[in-house]
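Here's the structure we're looking at; comments come further down.
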Amino acid sequence: MTSVHELIRGAAEREAATLAVGETELSERAAPTHRRPIILRATGISSCDTELADDPWTIDRAPGYGPGASSGDGIPGDAPRQGPLPASYTDASDAELTERIVAAKATLGDRVRILGHFYQRDEVVQHADFVGDSFMLAQAAKQHPEAEAFVFCGVHFMAETADILSGPDQAVILPNLAAGCSMADMATITQVEACWQELTAALGPVAEGEPQPVIPVTYMNSSADIKAFCGRNGGIVCTSSNARTVLEWAFARGQRVVFFPDQHLGRNTAKAMGITEAEMPLWRPHLALGGNTAEQLQDARVILWNGFCSVHKRFTVAQIEQARVDYPGVRVIVHPECPAAVVDAADGAGSTEYIRKEIEAAAPGSVIAVGTEINLVNRLQQQRPDLTIFCLDPVVCPCSTMYRIHPAYLAWTLESLVAGETPNQIRVPESVAVDSRVALERMLAARP
């Protein structure tokens with residue numbers, strides 16, 4: 001199957017050709033199939049655009065996250081930026097980059113392991129020693145003490161977690177420092193600490209022997225600083241796989257939970273536990289008390305941080321309805337980072353690993369519509385050619401920051417290691433790592 005990068009570039013070229021002859025509308029909608037073309041165009045609800053087909057080094061230092069699904073999100077001023085790559089990498093052909101990566105890997109042997117996230121582009125994943133979600137890859141780093149370095153083909157918070165869980169003498173490297181995460185950036189440690197002060201003041205002191213007024217819970221998709229905050233304040237980290245178990249853990253120790261940074265995972269998990277919308281106020285960090293009254297916070301069970309994943313926010317109930325019209329009997333499965341209405345309308349919702357297992361277990365001939373990142377959807381289709389698998393969103397946008405890990409950066413990283421250099425090493429200060437490990441170890445113990 002053609003890679004996402006090739007599909008995007010082809011779609012961009014087709015759109016440019018269409019505009020050149022004066023056409024203002026795309027041709028009639030293609031037949032709904034997993035092979036339908038990727039359509040890239042600006043709309044009132046989409047920030048996906050043709051520049052996503054550009055090589056990442058042309059946009060790494062541009063303002064914001066760059067074109068694609070997260071281009072409209074505000075990026076912190078201190079977010080890492082990647083320096084320019086030598087022309088020997090940016091001018092290299094795809095075949096040459098592949099050859100150089102394979103050669104460098106062979107030279108490094110088991111001293112260096114490549115970790116590839118499920119959402120990563122195929123041109124990079126093909127070189128990975130381990131492929132998985134952010135937690136699975138952090139675990140892979142922890143379980144391989146023989147490796148001197150891990151090249152993490154994901155985004156910044158994932159590399160931080162791998163550094164926290166790996167050994168002190170092991171290096172974790174992010175090939176492109178501009179590969180961040182807009183969701184993780186939606187909650188800063190300054191905002192979280194300010195929220196905590198307001199919450200503790202509004203909720204009052206706890207009587208001796210009573211549960212803690214509020215327990216902080218953070219999704220894995222957050223900075224090391226926020227994981228450390230949870231660790232030192234009686235809190236915990238969760239994944240999309242064990243979010244319910246983690247909330248149960250928190251309710252056994254506290255009266256309420258403040259959940260950040262993804263409101264949708266928090267809402268969907270709490271809703272499945274019988275918690276009502278009225279008991280889940282939204283905390284907007286730029287407003288006093290997050291835009292709530294003290295009474296709303298007193299009555300709350302889960303206080304949701306106003307954050308989201310730009311890719312999963314794109315999925316809609318209308319897309320599910322259209323899939324059911326196009327394919328009677330289609331099974332719709334989505335990630336719990338999707339809005340609650342989408343999760344309610346789907347046939348199933350769960351983590352990336354849940355989606356993978358659902359497709360693995362599907363009967364031949366099944367039709368499955370998936371609400372998650374397109375690189376994973378395409379890869380699942382490749383693995384099960386006996387199924388029809390397609391992405392719910394017809395305007396397909398990969399995770400724009402994950403997409404910045406290009407084979408050129410991987411080749412540069414590996415060849416630098418061969419030369420005895422360690423580029424782009426992600427280091428979490430021990431003062432932060434020690435409390436982060438507390439929260440992460442609690443998460444490891446909270447098995448669903």
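The values are calculated or read from the model by the stated rules, or taken from the named source; none is laboratory data. As the structure is a prediction and not an experimental result, all values here were calculated from the model. Methodologically, a virtual Cβ is constructed for each residue, glycine included, from the backbone with ideal geometry; neighbour enumeration extends over all protein chains shown. Protein only, heavy atoms only, side chains kept; ligands, DNA and RNA dropped before computing areas. Shrake-Rupley method; radii C 1.70, N 1.55, O 1.52, S 1.80 Å.
Results, tabulated for the structure shown:
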| read-out | value |
| --- | --- |
| Selection status of Pro385, touching a Ser or Thr at 6+ places or on another chain (Cβ under 7 Å), open to solvent by 10 Å² or more (accessible area, probe 1.4 Å) and part of a loop (DSSP other than H, G, I, E, B) | no |
| Candidate set: the range 239-291, residues that are among the charged types (D, E, K, R) and part of a helix (DSSP H, G or I); chosen: the one nearest to Ala202 (Cα to Cα) | Glu279 |
| Flag if Asn242 is modelled with pLDDT of 95 or more and open to solvent by less than 50 Å² (accessible area, probe 1.4 Å) | no |
| Selection from the range 292-310 of residues that are within 21 Å of Lys271 (Cβ to Cβ) and assigned to a loop (DSSP other than H, G, I, E, B) | Asn292, Asp299, Ala300, Arg301, Asn306, Gly307, Phe308, Cys309 |
| Residue that is modelled with the lowest pLDDT [pool: residues in the range 193-228 that are open to solvent by 30 Å² or more (accessible area, probe 1.4 Å) and of a type in the set (Val, Ile, Thr)] | Val206 |
| The range 291-320, residues that are without any contact (Cβ under 8 Å) to a residue 24 or more places away in the chain and open to solvent by less than 40 Å² (accessible area, probe 1.4 Å) | Gly291, Asn292 |
| Selection count where residues are out of contact with any Gly (no Cβ under 8 Å at 6 or more places or on another chain) and either in contact (Cβ under 8 Å) with a residue 60 or more places away in the chain or acidic (Asp, Glu) (or both), scope the range 357-376 | 6 |
| Test result for Ala179, farther than 21 Å from Ala300 by Cα, surrounded by 24 or more Cβ atoms within 10 Å (Cβ to Cβ) and in contact with a strand residue (DSSP E or B) (Cβ under 9 Å, 6 or more places away or on another chain) | yes |
| Filtered residues of the range 84-110 (kept if under 17 Å from Ile173 (Cα atoms) and either over 26 Å from the mean Cα position of the chain (by Cα) or open to solvent by 30 Å² or more (accessible area, probe 1.4 Å) (or both)) | Pro84, Ala104, Lys105, Leu108, Gly109, Asp110 |
| Number of positions in the range 119-146 that are touching a strand residue (DSSP E or B) at 6+ places or on another chain (Cβ under 6 Å), in a loop (DSSP other than H, G, I, E, B) and buried (at least 22 other Cβ atoms within 10 Å of the Cβ) | 1 |
| Test: residue in the range 111-118 that is more than 23 Å from the chain's Cα centre (by Cα) and either farther than 16 Å from Pro423 by Cβ or not in a helix (DSSP H, G or I) (or both) | yes |
| Test result for Met186, within 19 Å of the chain's Cα centre (by Cα) and open to solvent by 20 Å² or more (accessible area, probe 1.4 Å) | yes |
| The range 245-290 - residue that is closer than 19 Å to Pro336 by Cα and among the small types (Gly, Ala, Ser) and, of those, surrounded by the most Cβ atoms within 10 Å (Cβ to Cβ) | Gly266 |
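One line per residue, one yes/no per condition, for (1) basic (Lys, Arg); (2) outside any helix (DSSP H, G or I); (3) open to solvent by 40 Å² or more (accessible area, probe 1.4 Å):
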{"position": "Gln322", "(1), (2), (3)": "no, no, yes"}
{"position": "Val332", "(1), (2), (3)": "no, yes, no"}
{"position": "Val342", "(1), (2), (3)": "no, no, no"}
{"position": "Arg356", "(1), (2), (3)": "yes, no, yes"}
{"position": "Ala369", "(1), (2), (3)": "no, yes, no"}
{"position": "Phe390", "(1), (2), (3)": "no, yes, no"}
{"position": "Gly420", "(1), (2), (3)": "no, yes, yes"}
